[in-house]
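The values are calculated or read from the model by the stated rules, or taken from the named source; none is laboratory data. A quick note: this is a predicted structure, and the numbers were derived from the prediction, not measured. Methodologically, a virtual Cβ is constructed for each residue, glycine included, from the backbone with ideal geometry; neighbour enumeration extends over all protein chains shown.
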Amino acid sequence: MYINEKNIQVMKKKITIKDSLKKIFKAISYQIFFYIYGRIELKNKNIQNNFFTENLIGFKNDKRNSKYSIINTSNARLYTDRIQDTAIIHNNLLIDKPSFQLRNNNFDKNINKNIVLRIGTPRIQKKLNGVVVSLLTGGGGNNNYFHWLFDVLPKIAMLEKCYELNKINYFLCPDLNNWQLKTLNLLGIKESKCLSSVKFRHVKADNIITTSHPWLKSKNIIHDIENLPFWISKWLRLKYLKKKSNKNFPKKIYIDRSDSESNLKDYRYIVNENEVVTFLKNKGFKALRLTDLTFEEEIKLFNDAKIIVGLQGAGLTNLIWSGKKTKIVELRSKLTNKLFENLAKQNNIRFNKIEAKPLKKIIAKHYGAIKIDIKKLEKIV
């Protein structure tokens with residue numbers, strides 16, 4: 001069809017009508033769910049304190065000496081939008097302490113911003129018998145490997161301080177891809193007990209248990225992510241290193257990120273990657289995609305390798321499995337954070353970096369197309 005100005009205006013009008021119909025449908029559905037479940041209210045904290053119990057726990061080797069909260073709310077509902085807000089509700093009363101609302105990558109303490117106060121709980125409620133543990137952390141935990149290992153799984157470490165895992169009836173997770181489910185299975189948690197918030201956005205249970213976030217404590221996410229509590233790495237290594245695969249891998253590895261499922265992968269890449277890969281292959285390196293490996297194989301790969309080279313990204317979280325002889329080489333933008341560098345130092349892992357100035361306009365500091373200096377790479381490998 002020939003596209004002229006008239007056709008463009010017609011298309012825009014159709015889109016506008018479609019958007020308007022969506023808004024009308026949402027408004028009607030919200031009213032229906034208000035009728036079914038009622039409106040959510042917020043009252044003073046003295047009243048709220050009657051509906052939950054709280055335990056404070058800590059960890060050795062935590063330089064912050066942080067105290068973490070484990071809250072058990074009785075006869076409760078949970079509603080989540082899976083990205084920013086999760087609400088714990090008792091008798092249509094929003095409970096402040098176990099609920100959270102993320103804004104600009106930080107927790108906003110203003111409970112009045114929680115979405116349920118505005119739209120209610122517009123999903124069919126699913127009743128679950130017994131005790132439900134929420135492992136929800138916001139959108140980061142949905143499908144990001146780093147956030148799953150450092151935001152979601154450490155909540156189980158906290159939980160172990162107060163509860164026996166086999167007595168928990170259900171674990172409500174951000175999502176449940178095969179690799180995520182495998183990490184839970186390796187902790188002895190049965191698949192039948194694992195629920196994805198994709199299908200369980202609104203649940204009711206006899207008891208709902210929530211925990212603090214493992215490391216996001218201040219209003220500066222960069223500071224917090226560059227200074228992760230050591231107990232998390234220690235716990236992960238304790239639980240998973242013994243589960244590593246028996247498969248043998250090459251000792252020199254380049255992490256191929258062409259399999260990245262991130263919708264932002266086009267904003268972080270190496271413009272001369274073909275040159276980098278050719279150089280490394282001539283030095284005896286093997287290019288591997290981590291998504292082709294099982295979780296246990298990723299552990300074995302990083303634990304046994306002599307040297308691993310890779311662009312900054314969630315896959316380098318695996319450096320925590322590295323052995324004493326492993327060297328990690330991170331290729332990154334000069335503007336990015338020092339997450340993996342500091343994580344390596346914290347775990348006494350040999351670490352090198354090659355930084356480059358972003359060549360193109362970027363949308364955030366940890367994104368940007370970079371060109372790697374082969375001479376610098378040659379000196380390191």
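Would it be correct to say that residue 34 is out of contact with any strand residue (DSSP E or B) (no Cβ under 8 Å at 6 or more places or on another chain), among the hydrophobic types (A, V, I, L, M, F, W, C) and surrounded by 13 or more Cβ atoms within 10 Å (Cβ to Cβ)? Don't jump to the end; show me each part of the working.
On the way: out of contact with any strand residue (DSSP E or B) (no Cβ under 8 Å at 6 or more places or on another chain): yes; among the hydrophobic types (A, V, I, L, M, F, W, C): yes; surrounded by 13 or more Cβ atoms within 10 Å (Cβ to Cβ): yes.
Answer is yes for this residue.
Output the residue which, of all residues in the stretch 150-188 that are among the polar types (S, T, N, Q) and in contact (Cβ under 8 Å) with a residue 40 or more places away in the chain, is surrounded by the fewest Cβ atoms within 10 Å (Cβ to Cβ). First the steps, then the outcome.
Quick first cut of the stretch 150-188, residues among the polar types (S, T, N, Q) only: 166, 169, 177-178, 180, 183, 185.
From what is left, the residues that are in contact (Cβ under 8 Å) with a residue 40 or more places away in the chain are 169, 183.
Details: 169: 15, 183: 20.
My answer is 169.
Determine which single condition residue 63 fails, assuming it passes every other condition in (1) touching a strand residue (DSSP E or B) at 6+ places or on another chain (Cβ under 9 Å); (2) of a type in the set (Lys, Arg); (3) within 23 Å of residue 232 (Cβ to Cβ).
Tallying (1) touching a strand residue (DSSP E or B) at 6+ places or on another chain (Cβ under 9 Å); (2) of a type in the set (Lys, Arg); (3) within 23 Å of residue 232 (Cβ to Cβ), residue 63 fails exactly one: (1).
For the stretch 191-201, state whether one or more residues are modelled with pLDDT of 95 or more, within 18 Å of residue 135 (Cβ to Cβ), among the aliphatic types (A, V, I, L, M) and under 15 Å from the mean Cα position of the chain (by Cα). Steps first, answer last, please.
First pass over the stretch 191-201, keeping only residues modelled with pLDDT of 95 or more: 191-201.
Next, only the ones that are within 18 Å of residue 135 (Cβ to Cβ) stay: 191-201.
From what's left, among the aliphatic types (A, V, I, L, M): 195, 198.
Among the residues that remain, those that are also under 15 Å from the mean Cα position of the chain (by Cα) are: 198.
The answer is yes; a qualifying residue exists.
Does residue 220 satisfy the criteria of being polar (S, T, N, Q), assigned by TED's automatic domain parsing to the domain that holds residue 99 and within 18 Å of the chain's Cα centre (by Cα)?
Details: polar (S, T, N, Q): yes; assigned by TED's automatic domain parsing to the domain that holds residue 99: yes; within 18 Å of the chain's Cα centre (by Cα): yes.
Here the answer is yes, as residue 220 does meet what is asked.
Table: residues versus (1) assigned by TED's automatic domain parsing to the domain that holds residue 166; (2) within 23 Å of the chain's Cα centre (by Cα); (3) touching a residue at least 12 places away in the same chain (Cβ under 8 Å); (4) crowded, with 22+ Cβ neighbours inside 10 Å.
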residue: 45; (1), (2), (3), (4): yes, no, yes, no
residue: 62; (1), (2), (3), (4): yes, yes, yes, no
residue: 80; (1), (2), (3), (4): yes, yes, yes, yes
residue: 103; (1), (2), (3), (4): yes, yes, yes, no
residue: 106; (1), (2), (3), (4): yes, yes, yes, no
residue: 111; (1), (2), (3), (4): yes, yes, yes, no
residue: 118; (1), (2), (3), (4): yes, no, no, no
residue: 134; (1), (2), (3), (4): yes, yes, yes, yes
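Could you go through the stretch 138-148 and let me know if any residue there is in contact with a Leu (Cβ under 8 Å, 6 or more places away or on another chain) and over 24 Å from residue 312 (Cα atoms).
no
Could you tell me whether any residue of the stretch 198-212 is within 21 Å of residue 239 (Cα to Cα), β-branched (Val, Ile, Thr) and in a strand (DSSP E or B)? Before the answer, list the steps.
As a first pass, look at the stretch 198-212 and keep what is within 21 Å of residue 239 (Cα to Cα): 211-212.
When the remaining residues are screened for being β-branched (Val, Ile, Thr), the result is 211.
Still in the running and in a strand (DSSP E or B): 211.
Yes: the stretch 198-212 contains one or more residues that are within 21 Å of residue 239 (Cα to Cα), β-branched (Val, Ile, Thr) and in a strand (DSSP E or B).
Spot the failing condition for residue 335; the list is (1) exposed (fewer than 15 other Cβ atoms within 10 Å of the Cβ); (2) farther than 17 Å from residue 150 by Cα, and only one is missed.
The one condition residue 335 does not meet is (1).
Let me spell it out: the conditions are (1) in contact (Cβ under 8 Å) with a residue 24 or more places away in the chain; (2) of a type in the set (A, V, I, L, M, F, W, C); (3) not assigned by TED's automatic domain parsing to the domain that holds residue 220, and residue 70 meets all of them except one. Which number is the exception?
(3)
Do we have any residue at all in the stretch 92-113 that's in contact with a Phe, Trp or Tyr (Cβ under 6 Å, 6 or more places away or on another chain) and in a helix (DSSP H, G or I)?
no
Can you pull out every residue in the stretch 82-98 that is surrounded by 21 or more Cβ atoms within 10 Å (Cβ to Cβ) and either within 19 Å of residue 154 (Cα to Cα) or outside the structural domain of residue 233 (by TED's automatic domain parsing) (or both)?
86, 98
So, residue 253, is that one among the hydrophobic types (A, V, I, L, M, F, W, C), in the same structural domain as residue 216 (by TED's automatic domain parsing), buried (at least 19 other Cβ atoms within 10 Å of the Cβ) and touching a helix residue (DSSP H, G or I) at 6+ places or on another chain (Cβ under 9 Å) or not?
Values: among the hydrophobic types (A, V, I, L, M, F, W, C): yes; in the same structural domain as residue 216 (by TED's automatic domain parsing): no; buried (at least 19 other Cβ atoms within 10 Å of the Cβ): yes; touching a helix residue (DSSP H, G or I) at 6+ places or on another chain (Cβ under 9 Å): yes.
No, not satisfied.
If you go through the stretch 281-297 one residue at a time, do you hit one that is in contact with an Asp or Glu (Cβ under 8 Å, 6 or more places away or on another chain) and within 30 Å of residue 81 (Cα to Cα)?
yes
Could you grab the pairs with beta carbons closer than 6 Å, sequence gap of 6+ or different chains, first residue in the stretch 272-284 and farther than 22 Å from residue 358 by Cβ and assigned by TED's automatic domain parsing to the domain that holds residue 359, second one surrounded by 14 or more Cβ atoms within 10 Å (Cβ to Cβ) and of a type in the set (D, E, K, R)?
If the second residue must be surrounded by 14 or more Cβ atoms within 10 Å (Cβ to Cβ) and of a type in the set (D, E, K, R), the pairs left are 284/252.
I'm trying to understand the selection: among the residues of the stretch 155-183, which are in contact with a Leu (Cβ under 8 Å, 6 or more places away or on another chain), in a helix (DSSP H, G or I) and not β-branched (Val, Ile, Thr)?
In the first step, residues of the stretch 155-183 are kept if they are in contact with a Leu (Cβ under 8 Å, 6 or more places away or on another chain); the result is 155-156, 159, 165, 168-174, 176, 183.
Retained after the next criterion (residues that are in a helix (DSSP H, G or I)): 155-156, 159, 165, 183.
Selection gives 155, 159, 165.
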